[in-house]
Amino acid sequence: MVNPRAWLAEAIATFGLVFFGPLSVILAVVAFGDGLSIEAIIMISLGHGGAIALMVYAFGHVSGAHINPAVTIPMIITKKIGLKDGIGYILFQIMGAVIATLSLKALFPIIGEKVLWGAHGGPSELLGNSVMSGLAVEIILTFFLVVVIFMTAVHKKAPKSVYGAAIGGMVFLLHLVGIPLTGASMNPARSFSPAVVSGDAGLWEVQWLYWVGPIIGGIIAGVIMNYLYVKPAEKEA
């Protein structure tokens, strides 16, 4: 049975991430100037990690607060959510993300354009601008994000009172190390919406990277965690 209220929860939660996360990017430019200073990286990491933690606590009991197609797809594969609901989740995640970026464009038309409203522009010079290295980074980052999600929010024996903080904390950590490398997407909806709204052709050249990497990493983590840890715990319950 489909659950449209959960779909709406996903749209609102994803709006929260894609509004406040990129807003931290825009404000980091205002506060610290162009470039990735330590202060800017910390501010952006806190913006994304804090948004995720709060949205997980707000909507985790309604939809599971996936907020990310790379989380929903492993949930479908491991049968934690039905296919129809899963498709609804992904569509509404993308809708929420696009509306959030449109809101940022309306509010910050000039300063926001400098960072293309939080867009992810591909692998950095630290990776030699290598697309394959960027792909590997996105796979690894998303793998550990989904590991934390399955082992805290999904695992029956995990303390539910801390799962929002654990997931948000992991997002914070992954942004600290991932922003200078690929921009730390780990979320196709998060990367897709600025590419759509900005219309920048360069973003579309690397857009596949921010879909393929997170989805592969998410599926690997979800399948392994589910069959090694989650399902055995469910059988013991």
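Side notes on the structure shown:
- When each of Gly21, Gly47, Gly16, Gly35 is tested for being free of Cβ contacts under 8 Å to residues at least 12 places away in the same chain and either within 30 Å of Val154 (Cα to Cα) or not in a helix (DSSP H, G or I) (or both), the lone residue that passes is Gly35.
Okay, residues lined up against (1) over 16 Å from Ala184 (Cα atoms); (2) among the aliphatic types (A, V, I, L, M):
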site	(1), (2)
Val25	no, yes
Gly50	no, no
Ala53	yes, yes
Ser103	yes, no
Ala106	yes, yes
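- Filtered residue count, the stretch 19-36, keeping only those that are within 15 Å of Pro180 (Cα to Cα), small (Gly, Ala, Ser) and at pLDDT 95 or above: 1
- Residue match in the stretch 128-136 (condition: of a type outside the set (S, T, N, Q), over 27 Å from Ala11 (Cβ atoms) and assigned to a loop (DSSP other than H, G, I, E, B)): yes
- Odd one out for Trp211, checked against (1) surrounded by fewer than 20 Cβ atoms within 10 Å (Cβ to Cβ); (2) under 28 Å from Ser37 (Cβ atoms): (2)
- Qualifying residue in the stretch 145-157 (condition: within 22 Å of Val25 (Cα to Cα) and crowded, with 20+ Cβ neighbours inside 10 Å): yes
- Per the conditions (1) under 16 Å from Leu8 (Cα atoms); (2) in a helix (DSSP H, G or I); (3) in contact (Cβ under 8 Å) with a residue 40 or more places away in the chain; (4) of a type in the set (Val, Ile, Thr), the sole criterion not satisfied by Ile87 is (3).
- Within the option set Ile94, Ile167, being closer than 30 Å to Glu234 by Cα and either of a type in the set (A, V, I, L, M, F, W, C) or not in a helix (DSSP H, G or I) (or both) holds for one residue only, Ile167.
- Verdict on Lys105 being within 26 Å of Ile224 (Cβ to Cβ), charged (D, E, K, R) and surrounded by fewer than 19 Cβ atoms within 10 Å (Cβ to Cβ): no
- Consider the stretch 122-139 and keep the residues that are hydrophobic (A, V, I, L, M, F, W, C) and surrounded by fewer than 19 Cβ atoms within 10 Å (Cβ to Cβ). The one that is farthest from Asn226 (Cα to Cα) is Leu126.
- When Ser193, Ser185, Ser133, Ser161 are screened for being polar (S, T, N, Q) and over 21 Å from Met55 (Cα atoms), only Ser133 passes.
- Residue check, Tyr210 in a helix (DSSP H, G or I), in contact with an Asp or Glu (Cβ under 8 Å, 6 or more places away or on another chain), under 20 Å from Tyr89 (Cβ atoms) and not basic (Lys, Arg): yes
- Meets criteria (assigned to a loop (DSSP other than H, G, I, E, B), at pLDDT 95 or above, surrounded by 18 or more Cβ atoms within 10 Å (Cβ to Cβ) and under 15 Å from the mean Cα position of the chain (by Cα)) for Met186: yes
- The single condition from (1) without any contact (Cβ under 8 Å) to a residue 12 or more places away in the chain; (2) assigned to a helix (DSSP H, G or I) that Ala158 fails is (2).
- Leu181 falls short on exactly one of the conditions (1) aliphatic (A, V, I, L, M); (2) at pLDDT 95 or above; (3) part of a helix (DSSP H, G or I); (4) surrounded by fewer than 22 Cβ atoms within 10 Å (Cβ to Cβ), and that condition is (3).
The values are calculated or read from the model by the stated rules, or taken from the named source; none is laboratory data. What you see is a predicted model; the values in this text were computed from it and never measured. Using ideal geometry, Cβ is built from the backbone for each residue, glycine included, and neighbour counts are taken over all protein chains shown.
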